[in-house]
Amino acid sequence: MRKVTFGVNLSIDACYDHTRFNGDEEIHQYFADISQDVDLVVYGRKMYQLIVPYWTEVAKNKTGVEGTDKFAKGVNDVEKIVFSRTLESVEGNTRILRGNLEEEIRKLKQQPGKNISIAGMTLRSQLTALGLIDEFHFVIHPGIVGQGKRFMEDEGLTETLNLKLVAAKVFKSGCVALHYVKQ
């Protein structure tokens, strides 16, 4: 059975606003490396419209920074699904699903292939509450933002989600990557 994974950059105070801190080559390389085990990314509409056009352009134009270019190529090349009720069209190797999120993810997990990555905070929130995310990759940035949306804020979990740490890595920047699996 395929695993569903989720990765996110967070400040020490759990802010996930990407405008408050930036990933460097080392962080891009980390996410590119874990993406080697992924052959499908499931997006929410907002994240799809934010991430895919930007990284598609980076993949076309190349930055000359190995980790960043590798990450951009991965975003561009991987098969994508967007869950959306409003999005009318997508390009390239992307398709839109409008069905029941839980049913569709359970079907995808049963299909052969590598891991499925989730991209989008609303989508992640729903799948976490449904117990459908198997692995979490948190990259904690060494800063306290003090404002903005927080990870797991108002999630509506009915019970504690217990996780087991399986790997940790400290980057030169002071960021810390934590890899957890659902117990």
Most fluctuating residue of Glu66, Glu88, Glu26 in a GNM of the chain with Cα springs under 10 Å: which is it?
Glu88
Quick check on region 1-99: what does the Kirkwood estimate of hydrodynamic radius come out to from the alpha carbon pairs, in Å?
14.5
Pseudo-spin-label distance Lys60 to Arg85, built 7 Å along Cα→Cβ, given in nm, is 3.3
Amide H of Val4: which non-local residues (sequence gap of 5 or more, or other chain) have their own amide H closer than 5 Å, using H built in the peptide plane?
Ile116, Asp134, Glu135
Normalised by the residues of region 115-183, what does the relative contact order come to in percent, with Cα pairs under 8 Å and at least six apart?
38
Collect residues whose amide H, placed 1.01 Å from N in the peptide plane, falls under 5 Å from the amide H of Val145; neighbours closer than 5 in sequence don't count.
Ile12, Asp13, Cys15
Given H placed on each backbone N at 1.01 Å, which residues far from Leu40 in sequence or on other chains put an amide H within less than 5 Å of it?
Ser117
Residue-wise, which Karplus ³J(HN,Hα) couplings in Hz belong to region 58-65, taking 6.51 cos²θ - 1.76 cosθ + 1.60, θ = phi - 60°, and x for glycine or proline?
4, 5, 5, 9, 6, 8, x, 9
Sorted by Cβ neighbour density within 10 Å, fewest at the top, the residues Thr128, Thr19, Thr63:
Thr19, Thr63, Thr128
Using alpha carbon centers only, region 115-183 is separated from region 25-78 by a whole-angstrom value of 19
Got a sec to turn the phi values of region 119-130 into Karplus ³J(HN,Hα) couplings, 6.51 cos²θ - 1.76 cosθ + 1.60 with θ = phi - 60°, whole Hz, x for Gly and Pro?
10, x, 6, 5, 4, 4, 4, 5, 6, 5, 4, 7
Equivalent-ellipsoid semi-axes (√(5λ), Cα gyration tensor) for the chain, whole Å, largest first?
23, 22, 16
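Bear in mind these aren't lab numbers, they're just calculated from the coordinates by the rules spelled out. Just so you know, these numbers come straight off a predicted model, no measurement behind them. Every residue, glycine among them, receives a Cβ derived from its backbone with ideal geometry; neighbour counts consider all protein chains shown.
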